Amino acid sequence: MSRALIIGGGIAGISAAARLAPHLEVTLLEGENSLAYHASGRSAAMFLLNYGNATIKALNAASADHHHNADGGVLSPRGMMMVAGPEHADAFRADSADLGLDEITMEEAARLWPILNRQTQAHAAYREDAQDLDTDLLIQNFARSARAQGARIETGARVSRIERLGTGWRVTTEAGQVHEGDLLVNAAGAWADTVARMAGLGPLQIQPYRRSMARIALPQDMSPAAWPFVDGVGESWYCKPDAGALIVSPADEEPVVPQDAWADDMVLAEGLARYQEAVTQPVTRMLANWAGLRSFAPDRALVIGPDPQDATFLWCAGQGGYGFQTAPAASQLLADLALGLTPALDADTLRALSPARFA
Ligand SMILES: Cc1cc2nc3c(=O)[nH]c(=O)nc-3n(C[C@H](O)[C@H](O)[C@H](O)COP(=O)(O)OP(=O)(O)OC[C@H]3O[C@@H](n4cnc5c(N)ncnc54)[C@H](O)[C@@H]3O)c2cc1C
């Protein structure tokens, strides 16, 4: 049986392990002491069918059935609303069309989201089928499936050396463990280009961008549980309920080097001010904050499949802001390409995801 080594224990690597394990001897190596420590532990946990460019939308659609049904499903109702001030009417119309939102009256909007400030906001649009995605459960489901089919998942195993052998790869961890495989899957998130360089292959300009999040308190007499995910027009901020509080993101996109990201106080303050303008409830207390890296290829589509210079090196990278919602289809595609099977996605989508598009 052929052996596959996977570098990275976020949603990309874990879902790839689950898809490959029935067919190959799989070893996943994660540098941190726990899985999903970086981007995959810091997301907004949404499944938005129309979020992303046309290629991402195709992956979202192809992932929907898995998210709804596999292992009992990971989705629950949330709804998505966008609001805009009177000066942003054109952007509001364009974003609504892109995200598949229907315009609603301000009365309806205030009924769905009681803290809406109708003095400053003039437009609202909504779709009901936006869902919360239980990211922990999705990771557990893929990890359990991978292990049940024989995959080895090792944490605290940071790969520091990669050598090309005659027929495959040898990787060495910082602790000196050596692993060999016929295929090497690069699911290293923000470090995808670092791993490619280690393997002697060209970087694909996968750029990490920091995105921050604040968890803010709401008055005890408010019950936000049924409020929608709300987006400021132009993705200028967004918020959603979280266990009696609200998480608010400035929707920042600061390019950074790969790192353990932290939120910047000024970015949080400016983002909370943009959010504050749209609501009647003042921000009184920040309960926590964090940041994660969303790592994009230049054209903002994922990079899935064999490297053009070496087909035994497979990219599973560039998940950007869509790594959870696209994971079922992206991991299936990765496995189909690794195993020489015909993928279910259409030819245009395959081309748009292929690492060869940068060659
Ligand atoms: C604030 C925020 C909100 C988001 N909201 C959503 C959302 O609502 N819906 C959605 O679908 N997506 C969302 N995302 C995006 C999503 O979180 C990411 O796309 C996804 O987590 C990326 O997964 P990954 O496995 O590629 O990367 P990561 O989770 O970062 O995993 C990569 C792993 O590789 C490991 N690694 C790197 N180098 C090595 C090495 N040399 N040896 C061993 N291990 C190595 C790292 O330690 C890391 O754990 C959001 C992201 C952020 C930051």
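For the chain, the longest principal axis of the C-alpha atoms and the axis of helix 327-339 are separated by about 20°. Contact order, relative form, for the chain: 23 percent (alpha carbon pairs under 8 Å, 6 or more residues apart, mean separation divided by residue count). For region 258-359, how big is the tail of P(r) above 19 Å, as a whole percent of Cα pairs? When every Cα pair of region 258-359 is considered, 56 percent fall beyond 19 Å. Both numbers refer to the Cα atoms of region 171-216; Rg and Dmax are 14.8, 48 Å. Placing pseudo-labels 7 Å out from each Cα toward the beta carbon at ALA344 and SER223 gives an inter-label distance of 3.9 nm.
With Cα atoms as the point set, region 142-187 shows a radius of gyration and Dmax of 11.8, 33 Å. Against the chain, whose longest principal axis is taken from its Cα atoms, helix 54-69 shows a tilt of about 90°. Normalised by 2.2 N^0.38 Å, with N the number of residues, the alpha-carbon radius of gyration of region 193-293 equals 1.31.
Accessible area per residue was computed with a 1.4 Å probe on protein heavy atoms; ASP221 scores about 130 Å². Looking at the chain as a GNM with Cα springs under 10 Å, which of MET266, MET213, MET80 has the largest mean-square fluctuation? Its mean-square fluctuation being the largest, the pick is MET266. Legend: residues ARG357, ARG147, sorted from most to least accessible area (1.4 Å probe; ligands, DNA and RNA excluded), read ARG147, ARG357. One Cα centroid belongs to region 318-359, the other to region 150-202; the line between them spans 21 Å.
Backbone phi angles across region 149-165, fed through the Karplus curve with coefficients 6.51, -1.76 and 1.60 (θ = phi - 60°), yield HN-Hα couplings of 9, x, 5, 9, 10, 10, 9, x, 10, 7, 7, 10, 8, 10, 10, 8, 9 Hz in residue order; Gly and Pro are listed as x.
Computed log10 I(q)/I(0) for region 1-46 at 0.16, 0.21, 0.23, 0.32 Å⁻¹: -0.44, -0.68, -0.76, -1.12, from the Debye equation with unit scatterers placed on every C-alpha and solvent omitted. Hull volume per residue, based on the alpha-carbon atoms of region 243-299 and their convex hull, is 123 Å³. Under 5 Å from the amide H of LEU28 lie the amide H atoms of ILE6, ARG152, ILE153, GLU154, each residue being 5 or more positions distant or on a separate chain, with H modelled from the backbone and absent for Pro and chain starts. Where both bridge residues fall in the chain, DSSP classifies roughly 70% of the beta bridges as antiparallel. Close amide H partners of ARG161, meaning residues 5 or more places away or on another chain with modelled amide H under 5 Å apart, are THR172. Treating each Cα of region 52-147 as an identical point scatterer and ignoring solvent, apply the Debye formula and state log10 I(q)/I(0) at q = 0.13, 0.18, 0.23 Å⁻¹. Values returned for q = 0.13, 0.18, 0.23 Å⁻¹ are -0.59, -0.90, -1.14.
Plainly put, region 142-234 has a radius of gyration that is 1.18 times its Kirkwood radius, both from alpha-carbon atoms, as the Rg/Rh ratio.
Highest mobility in the GNM of the chain, judged by mean-square fluctuation with C-alpha springs under 10 Å and restricted to GLY320, GLY52, GLY156, is found for GLY156. The chain: percent of C-alpha pairs farther apart than 35 Å? Percent of Cα pairs beyond 35 Å in the chain: 25.
Order TYR209, TYR322 by their accessible area, 1.4 angstrom probe, all chains in place, largest first.
Reading off the accessible areas and sorting them downward yields TYR209, TYR322.
Residues considered: GLY305, GLY200, GLY79. Largest GNM mean-square fluctuation over the chain, using C-alpha springs under 10 Å, is found at GLY200. Relative to the longest principal axis of the Cα atoms of the chain, helix 265-277 runs at roughly 40 degrees.
The values are calculated or read from the model by the stated rules, or taken from the named source; none is laboratory data. This one's a predicted model, so the numbers in the text were calculated from it and none came from an experiment. Quick reminder, even Gly has a Cβ in these numbers, built from the backbone with ideal geometry, and neighbours come from all protein chains shown. Note: accessible area is taken over every heavy atom of the protein model, side chains too, but ligands, DNA and RNA are not part of it. Shrake-Rupley method; radii C 1.70, N 1.55, O 1.52, S 1.80 Å.
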